[in-house]
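Accompanying notes for the structure given below.
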Amino acid sequence: MALICLLMAFPLFADKNESIAGGRDTLKAATVKTARMNARGRVVEISDKTVKIERVIKGQVEVMEFALESQLAGILVNDAVNVEYTLKEGKLTASRVARQTAGRPPAESDKR
């Protein structure tokens with residue numbers, strides 16, 4: 001008799017554990033964050049919707065183009081800038097573009 005009660009109770013507890021585990025998976029999926037990245041360089045082109053910067057990495061010149069979330073104010077061509085960006089829908093999207101401060105020493109890749 002005890003064996004029958006034990007076998008009947010097992011499916012009840014198994015269902016509860018599955019529903020709890022399923023709830024945790026949906027919670028984890030909802031809290032996924034996009035990676036925020038940074039780039040430093042000189043502005044080579046500006047428009048209302050995009051900004052292009054040129055940067056030097058390990059002696060190689062690289063041009064990066066970013067879509068803008070909002071229009072830039074006070075940034076001009078040849079300004080040294082820091083760009084904070086994310087990857088949205090396959091495009092690099094700048095969330096913040098700021099001039100570099102003059103007091104910061106140049107990095108090894110900027111000395112060339």
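Summary table
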read-out	value
Cβ pairs under 9 Å, 6+ apart, first in segment 75-100 and free of Cβ contacts under 8 Å to residues at least 24 places away in the same chain, second part of a strand (DSSP E or B) and surrounded by fewer than 16 Cβ atoms within 10 Å (Cβ to Cβ)	Arg96/Glu84; Ala98/Glu84
Those strands (runs of 3 or more DSSP E) lying entirely in segment 32-112 with at least 1 residues of a type in the set (Ser, Thr, Tyr) and at pLDDT 90 or above	50-57, 80-88, 91-99
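The values are calculated or read from the model by the stated rules, or taken from the named source; none is laboratory data. Keep in mind the model is a prediction, meaning the values are calculated, not measured. Here Cβ is always computed from backbone atoms with ideal geometry, including for glycine, and neighbour counts include all displayed protein chains.
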